[in-house]
Amino acid sequence: MEDNININSEDKDIIESFIKGNRSAFNLIILKYQKKIYWVTRKFVLNHDDADDITQEVFVKLYKSLSDFRGESALYTYIYKMAVNYSLNHIKKTKTTSSVTKGLDDEAFRIKSGEKNPDENYDNKLNSGIIKEAIQSLPEQQRTVFTLRFYEELSYEEIAKITNTSVGGLKANYFHAFKKIRTIIKEKTKRI
């Protein structure tokens, strides 16, 4: 099937081509969104292998369900919603924060320090670990809103579509998450 679609084509055109039988059109969706979905997932589960597996699951599910996509929201919102749900389900399956934090590496939430002296690098690693721990200690809804708002820089309206919650509720959750993280960081740094 000949199409004039490419990576810069509108999502609706790519989806339409896929539905009409051009299975290779799905590769364009993967090229457009795989990296973003991986990093969203990574911020939730923090472990590379788990994030990679979840990302793959999201795209397998998307491939199977793309023909049913009604276009009521943007495609990336639909995919983000799947990624968040798969990530949260993974966290529920693993149940303990300790099993998640064992797989942490400094790549996911690294504080960009540039080249600094060893003491500054140590401080940055220490602060990065405290921040990771603080985020992981948040209740699920607050962690979700904080991750999507702070790291992914999504608007409250986009997050509301992904999480099926109200903008007002999201703002409250973000405020409380930010406050808790700040409190945890203050407490932890006082002890050092």
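The values are calculated or read from the model by the stated rules, or taken from the named source; none is laboratory data. Note that this is a predicted model, so its numbers are computed, not measured. All Cβ positions, glycine included, derive from the backbone under ideal geometry; neighbour counts span all protein chains shown.
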Single condition K43 does not satisfy, out of (1) in contact with a Ser or Thr (Cβ under 6 Å, 6 or more places away or on another chain); (2) on the phi > 0 side of the Ramachandran plot: (2)
Can you name every residue in region 10-40 that is in contact with a helix residue (DSSP H, G or I) (Cβ under 7 Å, 6 or more places away or on another chain) and farther than 30 Å from R143 by Cβ? I14, I15, S17, F18, I19, A25, F26, L28
If we scan region 79-89, do we find a residue that is surrounded by 13 or more Cβ atoms within 10 Å (Cβ to Cβ) and modelled with pLDDT under 90? yes
Across region 148-173, what is the total count of residues that are free of Cβ contacts under 8 Å to residues at least 60 places away in the same chain, within 18 Å of K132 (Cβ to Cβ) and either basic (K, R) or surrounded by 17 or more Cβ atoms within 10 Å (Cβ to Cβ) (or both)? 1
Selection status of E133, touching a helix residue (DSSP H, G or I) at 6+ places or on another chain (Cβ under 9 Å), in a helix (DSSP H, G or I) and at pLDDT below 90: yes
